[in-house]
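Novice: My structure is below; once you've seen it, I'll send some questions.
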Amino acid sequence: MNDNILFLLDLSLPMKDPVVIFLIILAITLLSPLILGRLRIPGIIGMIIAGVLLGPHGFGVLSNDASISLFGKVGLLYIMFLAGLEVDMNDFKRSKNKSLTFGAATFIIPITIGTLVTYYFLGLEFAGALLLASMFSSHTLVSYPIVGRLGINRNEIVTVAIGGTIVTDTLVLLVLAVVSNSAKGNLDAMFWVKLIGSLAVFVFIMVWIVPRVTQWFFRNQAGQGGSQYLFVLGVVFLAAFLAELAGVEAIIGAFLAGLALNRLIPHTSPLMNRIEFVGNNLFIPFFLIGVGMIVDVTVIIKDLDALKFAGTLVIVAISTKWMAAFVTQKIFKYTSTERNLLFGLTSAHAAATLAIVLVGYNLILPDGSRMLSEAALNGTILVILVTCLVSSFVTESTGRKIALAQGQQLAATPEVPDRILIPVANPESVLPLLDLASMVRSPDSQEPIYALSVVLDDDEAKDRVMNNKRLLEKAEKHGASMDAKVEIVSRIDLSIASGVTRSLKELNISKMIMGWSPKLSARDRLFGTVLDKLLSGTSLMIMVCHITVPVATIGYINIILPPNAHLEPAKERWMRAIKHLAQQTGAKIRFRGDEKVLKGIEEVNLTTKPILDAEYHTTKKWDDFANEANNYGQNDLLIIVQSRQGFLSYNDHMDNVPGILIKSFQKKNFIVLYPEQQQVTETSDWENTFS
């Protein structure tokens, strides 16, 4: 029996059984971070070294076959896609000039010095020298997963590095296309027409068509996590394919796919959690192991000339990338730690580098010789190994320093714990409110979101509590899918308002999010007796929400500001909540109000983080929004800032807001926001007050 089993298993090297191969890959992925973490070595280095040792140029346990190549290519595309997806678009827009500057520096400096060194010192022909030098300008964000793990992937330096990567890799690939076509004699006017035209069509598809199709799909497939993930993966590969058709590398398409879907996939959403989980634990490890498998150290140490060639390439590759980071540091006055992080992120050479050298190696010139020799190919292999190790070490060490500095800055300006309560009237509608809650709270918050069910005290109270708890279990699962802890709280009380208010105090809540009831009538004062009593019973921020589309698809946030809203003491807190929402969804903010309030709110925007780009529109009357219902689209969100009676920003027209919303905005998205305001009076006998 055992002999038969062993007969079925082919244990010869390299391994051919897909089950064994996959088991080895999983073991490397699992054990590398665990073992090397104790030695303070980045886990991705372990994966690269494992690829070297177990690959065809090491012990030959694994072969660089089609499956490794396929998953490795997917991993590279995944890295670039995640880089585009996790870019803070507002920071990206603000730092676009810095990204362009760094991109130019990290392209011009390496290719210039590299061309001179390879032409004069290594004796290559000019075309070969230029092509090989372009390899120095390209880089791969191999160490990007490190900054994601450290939680600094939205730091400005990371944004600049990502933007610079796209700039330099695009220019390098254009050089590759020009040099290769020139060697073939195809460099004519038609080449440029085709290249520019195809790139224009590709960018138009990614920037205009893809976001709109995705928005439509997400709106019609809300809650279908599996289909949404498959759709996103399809977009990534479609973008990569279209990029290759346009004449550029697939990684450019993957990055543009990330930018196109950036504002449609909030960072705290279940979909984002699935994307990161699959990429970081499956596809990206395959890519890192695959990078190690192409390294052949033996061919370099056997030949002194090859060692000299390889050593020169390594020195030029590392030094020129450091020079680019140094120039950028001096121009924009970055610290030495920020410069080192920029260098660490952009010093690794991998897939694009190998692709460039392989093109030159396989390019046969008219005299029958290769444009790049075998020495150039072997030297490039050493460049890949050394630069990946340097990039990982530098990014890990400097990234930790920056992460610690960010943590100290946050600790220096303590905020009230961001604890959100959602009173649930209808358990079936709690999920959209949970999505909203996860986006308005601080991204760094570890506090749970509380889903509260209040049951009136009668003979059936116990049964209703158990029934509501069962219905709310899906809220817990939904929270787990977006890495947010959701706690279910049940209360039995003499009135809904009393139960909610007691919970606010007991749980130390900072803000409350509740749903708009479609059964409201214009005769109800404000939004009905429950909200009226809550407003008088608590000073906390209250958001009354009516959301008709998935929150992630919101494109514009229009905020109606009453006179004197900028004079309210807690304005920074509601502003911060809205800014977090805009940051998560990528939505554009438009403030509307009189000149004084707009000036005050703009100052708040510029002095509280995150700082977002916003439009400021002056209105003559506070309630002008009532006449503009037809101007609000399906993906617009209207936020009306209200006030409790007796406070600075209160006015009598606020009593008309419920009627306006019922009449004109019932099919629109809106939030009525009551800022945190210190209570004037507080009633102690709830049972008598609400009877």
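Novice: Check the stretch 364-372 and report whether any residue there is at pLDDT 90 or above, hydrophobic (A, V, I, L, M, F, W, C) and assigned by TED's automatic domain parsing to the domain that holds Leu141. Before the answer, list the steps.
Specialist: Taking the stretch 364-372 first, the residues at pLDDT 90 or above are none.
Within the stretch 364-372, none of the residues are at pLDDT 90 or above, hydrophobic (A, V, I, L, M, F, W, C) and assigned by TED's automatic domain parsing to the domain that holds Leu141.
The rows are residues; the columns are (1) closer than 16 Å to Ile559 by Cβ; (2) buried (at least 22 other Cβ atoms within 10 Å of the Cβ).
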| residue | (1), (2) |
| --- | --- |
| Arg590 | yes, no |
| Val597 | yes, yes |
| Glu603 | yes, no |
| Gln634 | no, no |
| Leu637 | yes, yes |
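Novice: While we're looking at this one, here's another question. Can you tell me which residue is surrounded by the fewest Cβ atoms within 10 Å (Cβ to Cβ) among those in the stretch 193-239 that are of a type in the set (A, V, I, L, M), touching a residue at least 12 places away in the same chain (Cβ under 8 Å) and farther than 24 Å from Thr553 by Cβ?
Specialist: Of everything passing the filter in the stretch 193-239, Val201 is surrounded by the fewest Cβ atoms within 10 Å (Cβ to Cβ).
Novice: Got a sec? Which of Phe277, Phe286, Phe237 is more than 30 Å from Ala177 (Cβ to Cβ) and either within 24 Å of the chain's Cα centre (by Cα) or of a type in the set (S, T, N, Q) (or both)? Give the derivation first.
Specialist: Values: Phe286 fails: more than 30 Å from Ala177 (Cβ to Cβ); Phe237 fails: more than 30 Å from Ala177 (Cβ to Cβ).
Testing whether each residue is more than 30 Å from Ala177 (Cβ to Cβ) and either within 24 Å of the chain's Cα centre (by Cα) or of a type in the set (S, T, N, Q) (or both) leaves just Phe277.
Novice: Of the residues Thr346, Thr335, which is modelled with pLDDT of 90 or more, within 29 Å of the chain's Cα centre (by Cα) and either buried (at least 24 other Cβ atoms within 10 Å of the Cβ) or at positive phi (or both)? Don't jump to the end; show me each part of the working.
Specialist: On the way: Thr335 fails: either buried (at least 24 other Cβ atoms within 10 Å of the Cβ) or at positive phi (or both).
Result: Thr346 is the single residue among Thr346, Thr335 that is modelled with pLDDT of 90 or more, within 29 Å of the chain's Cα centre (by Cα) and either buried (at least 24 other Cβ atoms within 10 Å of the Cβ) or at positive phi (or both).
Novice: Residue by residue through the stretch 120-143, note down the ones that are closer than 27 Å to Tyr78 by Cα and either not assigned by TED's automatic domain parsing to the domain that holds Gly379 or not hydroxyl-bearing (Ser, Thr, Tyr) (or both). Write out each step before concluding.
Specialist: Here is the first cut: in the stretch 120-143, the residues closer than 27 Å to Tyr78 by Cα are 131-143.
Matches in the stretch 120-143: Leu131, Leu132, Ala133, Met135, Phe136, His139, Leu141, Val142.
Novice: So, one more: If a residue has to be crowded, with 18+ Cβ neighbours inside 10 Å, among the aliphatic types (A, V, I, L, M) and outside any loop (DSSP other than H, G, I, E, B) to count, how many in the stretch 489-518 make the cut? Lay out the reasoning, then the answer.
Specialist: Going residue by residue through the stretch 489-518, those that are crowded, with 18+ Cβ neighbours inside 10 Å are 489-491, 493, 495-501, 503-504, 509-516.
Still in the running and among the aliphatic types (A, V, I, L, M): 489, 496-497, 500, 504, 509, 512-514.
Those left that are additionally outside any loop (DSSP other than H, G, I, E, B): 489, 496-497, 500, 504, 512-514.
So the answer is 8.
Novice: From Arg154, Arg212, grab the single residue that is of a type outside the set (Asp, Glu) and assigned to a helix (DSSP H, G or I). Even if it seems obvious, please write down each step before you answer.
Specialist: Working: Arg154 fails: assigned to a helix (DSSP H, G or I).
Result of the check over Arg154, Arg212: Arg212.
Novice: Here's another thing I want to ask about it. Among the residues that make up the stretch 668-690, is at least one of them closer than 18 Å to Arg576 by Cβ, in a helix (DSSP H, G or I), of a type in the set (D, E, K, R) and at pLDDT 80 or above?
Specialist: So far as the stretch 668-690 goes, no, none of its residues is closer than 18 Å to Arg576 by Cβ, in a helix (DSSP H, G or I), of a type in the set (D, E, K, R) and at pLDDT 80 or above.
Novice: Identify, from the list Thr106, Thr140, Thr118, Thr112, the residue that is assigned to a helix (DSSP H, G or I), in contact with a His (Cβ under 9 Å, 6 or more places away or on another chain) and over 30 Å from Lys588 (Cβ atoms). Break it down into steps so the answer makes sense when it comes.
Specialist: Details: Thr140 fails: assigned to a helix (DSSP H, G or I); Thr118 fails: in contact with a His (Cβ under 9 Å, 6 or more places away or on another chain); Thr112 fails: in contact with a His (Cβ under 9 Å, 6 or more places away or on another chain).
Answer to the selection: Thr106.
Novice: When you go through (1) without any contact (Cβ under 8 Å) to a residue 24 or more places away in the chain; (2) closer than 24 Å to Ser510 by Cα one by one for Glu595, which number turns out not to apply?
Specialist: With respect to (1) without any contact (Cβ under 8 Å) to a residue 24 or more places away in the chain; (2) closer than 24 Å to Ser510 by Cα, Glu595 is out only on (2).
Novice: Output the residues belonging to the stretch 515-548 that are of a type in the set (A, V, I, L, M), modelled with pLDDT of 85 or more and closer than 21 Å to Lys663 by Cβ.
Specialist: Hits for the stretch 515-548 are Val544, Ile547.
Novice: Turning to a different aspect of this structure: Where the second residue is among the aromatic types (Phe, Trp, Tyr) and the first is in the same structural domain as Thr337 (by TED's automatic domain parsing) and lies in the stretch 391-405, which pairs have Cβ atoms under 8 Å and are six or more apart or on separate chains?
Specialist: Every condition considered, the pairs that remain are Val394/Phe343.
Novice: Specify the residue that is farthest from Gly479 (Cα to Cα); the eligible residues are those in the stretch 240-253 that are touching a residue at least 12 places away in the same chain (Cβ under 8 Å) and more than 20 Å from the chain's Cα centre (by Cα).
Specialist: Kept after step one, since they are touching a residue at least 12 places away in the same chain (Cβ under 8 Å), are these residues of the stretch 240-253: 240-243, 245-253.
Imposing the further condition that a residue be more than 20 Å from the chain's Cα centre (by Cα) reduces the set to 241-243, 245-249.
Numbers: Phe241: 35, Leu242: 36, Ala243: 36, Leu245: 41, Ala246: 41, Gly247: 43, Val248: 40, Glu249: 38 Å.
The selected residue is Gly247.
The values are calculated or read from the model by the stated rules, or taken from the named source; none is laboratory data. Predicted model only: the values in this text are computed from it and were never measured. Cβ atoms come from the backbone with ideal geometry, glycine included; neighbour counts cover every protein chain shown.
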